[in-house]
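Where a number appears in this text, it was derived from the coordinates with a stated rule and is not lab data. Note that this is a predicted model, so its numbers are computed, not measured. Using ideal geometry, Cβ is built from the backbone for each residue, glycine included, and neighbour counts are taken over all protein chains shown.
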Amino acid sequence: MRKALVLLGLVSVGFAQVEVIDPMKDRKGFEVSLFVGVSDYKAEALKTSALVGFSVDSRVKYPFLVGGGVNVGWTSDLFVANPHTRFKARVPLMDRLKLDPYITAGVGYARNDKTDREKLMGQIGVGLSVLYFFPSLHVGLAVGANAYSDSRFNQFYVGGVVGF
């Protein structure tokens, strides 16, 4: 984790010297983002899994965005999907560096291939993204936590974000 933060800091310093362009100029009314990372579940039996996500957010009124998406995680015998709605605020740190705290609410679906069992659960979550904006895309790091109605599936996650 410490190495990732140092790398993010070095990348931010390097990008700070790039010509200043208004990152919000000519932006559409919505943003599409892709997420790739890892998820660590509360239950030791579930361990750590790969995690990918897709989301779409729309600006409501500066600095607020609303949207939704789906995150999917898997291990050798477990598949977890989490479609959710999301509310976030965009906080400027520097001209092109933004902080996006967010909350989510949705459902969780889990399937265990070993036991052939399925489960549907309620979900709430919180997260934080640090995003660097280029004229036509943004990149960053996201961390967060999800709580499910079945606490064995509660998870922490971290990963990279690329948005258009």
Residues (in contact with a Lys or Arg (Cβ under 7 Å, 6 or more places away or on another chain), part of a strand (DSSP E or B) and farther than 16 Å from Gly69 by Cβ) located in region 107-154: Ala110, Glu118, Tyr132, Phe133
Within region 72-97, considering residues that are touching a residue at least 60 places away in the same chain (Cβ under 8 Å) and charged (D, E, K, R), the one surrounded by the fewest Cβ atoms within 10 Å (Cβ to Cβ): Asp95
Number of positions in region 141-164 that are touching a helix residue (DSSP H, G or I) at 6+ places or on another chain (Cβ under 8 Å) and under 17 Å from Pro92 (Cα atoms): 1
Residue among Gly127, Gly69, Gly106, Gly140 that alone is crowded, with 18+ Cβ neighbours inside 10 Å, closer than 16 Å to Asp40 by Cβ and of a type outside the set (Val, Ile, Thr): Gly127
